[in-house]
Amino acid sequence: MTRINTNVSSLVAQNRLQSSNADLQTRLTRLSTGLRINTGADDPAGLIASEALRAEITGLNKAISNTQRASQIISTADSALGQVSSLLNDVRGLVVEAANSGALSSEEIEANQLQIDSSLEAINRIAQTTTFQGRKLLDGSLDFNTKAGTGFSNVKDLEIDQANLGNLGKISVNVEVQSAATKASVTSTGIPATTTAANSTGTISFGAPSADAEATGTASFSNSYTVGAEATGTINFDDAFTPNAEAGGTLTLGSGVTLDIDAVDGGLADGLKGDSTIIEVVTQVGGDSSASYDADSDTLTLTLVEGDNAAAIVTDLTGDPNFTVAANGGTSGTIAAGDAGTYTGQLTGGSNTTSGTTGFDLTAVNGGAADGAKGNDTDIVLTSGATTGAAYDADNDLLTITVADGDTIADIAAAINNDVGDDFIASNTVNGDYAYDAADNTAIGSPLTAQLASGTDPTLASSFDIEAVNGGDADGTAGNGVTLNLTSGDTTEAVYDADNDVINITVADGATTADIAAAIDNEGTFITKNVQNGTALFATADLGANDPSLTGGTDATADDVITVTADEASADSDGVSITLNADNSLAAGEAQASLDDDGNIVVAVSSNGAVNVGTISAAIDDLDGFSAEVTATDGDGSYDIDNDTAATTTDLSGGVFGGGLNADLVVQLTGSLGAEVFQFDKGASLDDVIQSINLVADATGIQAEDDGGSLKLTSTSYGSDSLIDVEVISEGEGGTFKSGLSAERATGTDLSATVNGIAANASGNTLSINTSTLDLTMTVEEGVSSDISFDITGGGATFQLGPEVTSTQRASLGIGSVSTGQLGGASGRLYELASGQAKSLTNDISGATEVIDEVINKVTGLRGRLGAFQATTLDSNMVSLNETKANLQEAESSIRDADFAEESAQLTRAQILVQSGTNVLAMANQNPQNVLSLLR
């Protein structure tokens, strides 16, 4: 067909060319951007997947960056902690060196202390200056915050390493303690209780007469007395007064000025005093009028300005505290110089109030100078004076009260209580605000009498026992019938008159029965006992002879005595007898001693004359296992076995083993800190054993104590690591130490507890838990078995380590303060090692060692924990994030990136199609030209 209006071939060619151009444009865009998907139209599903992957990759990139930042922070903190560790090691070396006090001078130790102080300052400086981008790392600001709950005061040390606070921002920690940690303990009942050791003793007595018992009797004082009730009475002031009505009147001056003047209620001219007011008028030229009042002279001075009228005067005088001045209703005129002068009797109508009950009660003070019946005789003098006061003359029973003008009854009572309060007390004041009036003064020589009554001095019989002193002048029968003779004197003293068998005693005024007994004791011949009512006062009615009826003094036969004693303190020698036999084979004066087959002592005494008692004693003293000495020499010192009364002997008795180890002992004690061998001799007391063990407790970890008479060994530490091992290396025959042991080996037990329902690891009193949400270590007080609760409310260093902001992709790490005030543990804090502190080198070097060891362990533990976090958490997280990122990038690339080989091939195809389409379109556009050939 040949048509010209519609070129179908051209239309088809155009469509194909347009499609080829679009395809060519797509290939060019992909090759120029490198992306297969440039718009959502390219691949909607692929675009969604690609963008999701891109978001994950962005989160991973930030997580990697966060992890790198966290690692840098940890590295910074670890570097600073390394310096702290180095300083702590230096400090420990200085402490150990200073412990060598036997070789170091005090100056060298002081130098070590100065180095320690410098190191502590450096540690504090590191704690404050270690920062990362301005944030301090080691000052405690990155530690977790806690809020105390039940039983939190029992926590000695708490270290929170990690805590995931979640969306709530806190964790509640509940520690349920099933059982407290215990120490290792071993007891031994094999050390007999310590008693007073005693050797068996026996005697040989050779008789001679001497004083025996001492005379005794009782001295009684039937009239002695004690102070009883205190005198009391009421002192009244009939003329004391208080102002009532105020005086008033009208002052008329020559100039015609008339003024109404009234005393002010409560002012100095109040009451009756206002009636005697003298008005002194003074005139002046210029200025203001004024008023002044002199209470001592009862004078009111009015200074008036010449030419002023009454109204002007009143205006100037308004506000005076003692008088009011008003213009009289009919006044006229003005002040003139002639108005000056003295005006009396102008004021009337003032009055005072008095009362017969005005006064106070006056009572003598218990134990004072007027106590008892003496107070009844008190006279009272009232007199005027410059000041108000009181004085008491006990010798004359006179109470003098001086009253200043204008003082009140209450002022008088206060003066008595202040000035003579040890002797009198004023109370129950009536109308205390009434002013004293001199009309109540007592006349000279006429004091108030019989004002006080009811004071008493009741009789209190007293006594004491009296006994002659053994060996004194009145010993034996010499003391029988001795009497007392009591006379008055300046001092209380006693003198014994042996010739007249009387004790002469002078008694001072106010002496007590105890004073008399003390005087007899001080004299020395007699001694008093069982003093009854010794505080009773001696009465003059008891002066004179006093017969205490001393009786019972006796004389006995005096002996020379040899005491024989077994060498060993035990009961083994009890029952050994002593026998003296005559032996004519011995020369005069000789004696020989031997033991028979039963172990009894046999003494051969020469029968050829008297033998000295000392010779017999020396013979016995030469025996093995026994000693002898002459313990009494009241006889003639010799013994004639044929002619003297036979000597009396007593078998040895009273031997007592003194307790302690009953055999030699060698024992090795092994504790958690080391082992030590102890060697004890038989008889070593429980205290000796305890002291020896405790001297090296710091080296063995075992301490000893007296547990009700038994030896109790206890480890110094708690928990399963505490150990007591008792190895008896050797024990003598009859020893009971080993058999008395409760166990030869014992260990303590660890604390048993759960934290938030999870069983905690424990070592002694320290428990720990490490879960994905909580990692903490806690040390509790010794012996604590009650539950503990607290909240972790924030704090810590939180690191975002994953691409998602969730609690599972965050890590919270606690970094505590390394300042000297915070570093430490159960043994104390690091600052205590500084000069002047409790654990300085001069105060407690052992305590300093314990603290520094705990601090070193804590710092190294912190470094290890940070290192583990860096190596395991951060480094592994970095590897994982990078691998995940690579995989996601690969996946995202496969979806979105262009395949250049494929796109190049498609580009070539598109270019060919465009070129061919263009040529074809040109050919199609030429088809209508063929119609022209038909028209030619």
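Worth pointing out:
- Taking the criterion of being polar (S, T, N, Q) and buried (at least 20 other Cβ atoms within 10 Å of the Cβ), the only residue of region 722-756 that qualifies is 722.
- Checking each residue in region 382-406 for being open to solvent by 40 Å² or more (accessible area, probe 1.4 Å) and not in a strand (DSSP E or B) picks out 386, 387, 395, 396, 405, 406.
- Applying a threshold of 6 Å to beta carbon distances and a minimum spacing of six or more residues, or different chains, the list of pairs starting in region 444-466 at a residue that is more than 22 Å from residue 372 (Cα to Cα) and ending at one that is of a type in the set (Gly, Ala, Ser) and open to solvent by 60 Å² or more (accessible area, probe 1.4 Å) reads 463/220.
- If you go through region 526-571 and keep only what is assigned to a helix (DSSP H, G or I) and in contact with a Phe, Trp or Tyr (Cβ under 6 Å, 6 or more places away or on another chain), you end up with just 542.
- Any pair with Cβ under 6 angstrom, 6 or more apart, that starts in region 307-320 at a residue that is among the small types (Gly, Ala, Ser) and assigned to a loop (DSSP other than H, G, I, E, B) and ends at one that is surrounded by 17 or more Cβ atoms within 10 Å (Cβ to Cβ) and at pLDDT 85 or above: 307/334
- Residue match in region 102-116 (condition: closer than 23 Å to residue 862 by Cβ, among the polar types (S, T, N, Q) and within 32 Å of the chain's Cα centre (by Cα)): no
- When residue 579 is tested against (1) surrounded by fewer than 18 Cβ atoms within 10 Å (Cβ to Cβ); (2) in contact with a Leu (Cβ under 8 Å, 6 or more places away or on another chain), only condition (2) is not met.
- Strands (runs of 3 or more DSSP E) wholly inside region 628-703 containing at least 1 residues that are touching a helix residue (DSSP H, G or I) at 6+ places or on another chain (Cβ under 9 Å), open to solvent by 40 Å² or more (accessible area, probe 1.4 Å) and more than 18 Å from residue 613 (Cα to Cα): 648-653, 675-680
Listed here are the residues, each with its yes/no results for (1) under 27 Å from residue 781 (Cβ atoms); (2) in contact with a strand residue (DSSP E or B) (Cβ under 9 Å, 6 or more places away or on another chain); (3) of a type in the set (Ser, Thr, Tyr); (4) modelled with pLDDT of 85 or more.
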{"position": "91", "(1), (2), (3), (4)": "no, no, no, yes"}
{"position": "108", "(1), (2), (3), (4)": "no, no, no, yes"}
{"position": "123", "(1), (2), (3), (4)": "no, no, no, yes"}
{"position": "128", "(1), (2), (3), (4)": "no, yes, no, yes"}
{"position": "135", "(1), (2), (3), (4)": "no, yes, no, yes"}
{"position": "143", "(1), (2), (3), (4)": "yes, yes, no, no"}
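- Selection count, region 295-339, where residues are closer than 19 Å to residue 277 by Cβ, at pLDDT 85 or above and open to solvent by 50 Å² or more (accessible area, probe 1.4 Å): 3
- For region 247-270, filtered to residues that are over 30 Å from residue 306 (Cβ atoms) and among the acidic types (Asp, Glu), the residue that is surrounded by the fewest Cβ atoms within 10 Å (Cβ to Cβ) is 265.
- Qualifying residue in region 757-764 (condition: assigned to a loop (DSSP other than H, G, I, E, B) and buried (at least 17 other Cβ atoms within 10 Å of the Cβ)): yes
- Remark: residue 366 falls outside the filter, which requires a residue to be surrounded by fewer than 22 Cβ atoms within 10 Å (Cβ to Cβ), in contact with a Gly (Cβ under 8 Å, 6 or more places away or on another chain) and not in a strand (DSSP E or B).
- Qualifying residues in region 51-70 (those that are hydrophobic (A, V, I, L, M, F, W, C) and surrounded by 15 or more Cβ atoms within 10 Å (Cβ to Cβ)) - the one modelled with the lowest pLDDT: 53
- Candidates in region 162-203 are the residues that are open to solvent by less than 20 Å² (accessible area, probe 1.4 Å) and at pLDDT below 85; of these, the one that is nearest to residue 554 (Cα to Cα) is 200.
- Any chance residue 107 is in the same structural domain as residue 855 (by the TED database), out of contact with any His (no Cβ under 6 Å at 6 or more places or on another chain) and surrounded by 14 or more Cβ atoms within 10 Å (Cβ to Cβ): no
- Qualifying residue in region 361-380 (condition: more than 30 Å from residue 225 (Cβ to Cβ) and touching a strand residue (DSSP E or B) at 6+ places or on another chain (Cβ under 6 Å)): no
- Residue ID - modelled with the highest pLDDT, chosen from residues in region 810-834 that are assigned to a loop (DSSP other than H, G, I, E, B) and open to solvent by 40 Å² or more (accessible area, probe 1.4 Å): 822
- Checked against the criterion of being outside any loop (DSSP other than H, G, I, E, B) and either basic (Lys, Arg) or crowded, with 19+ Cβ neighbours inside 10 Å (or both), the candidates 73, 48 yield just one match: 73.
- Pairs are defined by a Cβ separation below 9 Å, a sequence spacing of at least 6 or placement on different chains, a first member in region 257-268 that is not assigned by the TED database to the domain that holds residue 323, and a second member that is among the aromatic types (Phe, Trp, Tyr); the pairs so defined are 261/323; 262/323; 263/323; 264/323; 267/293; 267/323; 268/293.
- Residues of region 835-844 that are surrounded by fewer than 18 Cβ atoms within 10 Å (Cβ to Cβ) and more than 21 Å from the chain's Cα centre (by Cα): 835, 842.
- Looking only at residues of region 584-627 that are among the β-branched types (Val, Ile, Thr) and open to solvent by 20 Å² or more (accessible area, probe 1.4 Å), we find that the one that is nearest to residue 572 (Cα to Cα) is 602.
- Selected residue (criterion: farthest from residue 694 (Cα to Cα)) from residues of region 651-671 that are aliphatic (A, V, I, L, M) and over 45 Å from the mean Cα position of the chain (by Cα): 652
- When residue 428 is tested against (1) surrounded by 14 or more Cβ atoms within 10 Å (Cβ to Cβ); (2) within 50 Å of the chain's Cα centre (by Cα); (3) of a type outside the set (Asp, Glu), only condition (1) is not met.
- Of all residues in region 454-471, those that are at pLDDT 85 or above, part of a loop (DSSP other than H, G, I, E, B) and open to solvent by less than 50 Å² (accessible area, probe 1.4 Å) total 1.
The values are calculated or read from the model by the stated rules, or taken from the named source; none is laboratory data. Everything quoted here is computed from the prediction, not taken from an experiment. Cβ: placed from backbone, ideal geometry, glycine included. Neighbour counts: every protein chain shown. For accessibility, only protein heavy atoms count, side chains too; no ligands or nucleic acids. Shrake-Rupley method; radii C 1.70, N 1.55, O 1.52, S 1.80 Å.
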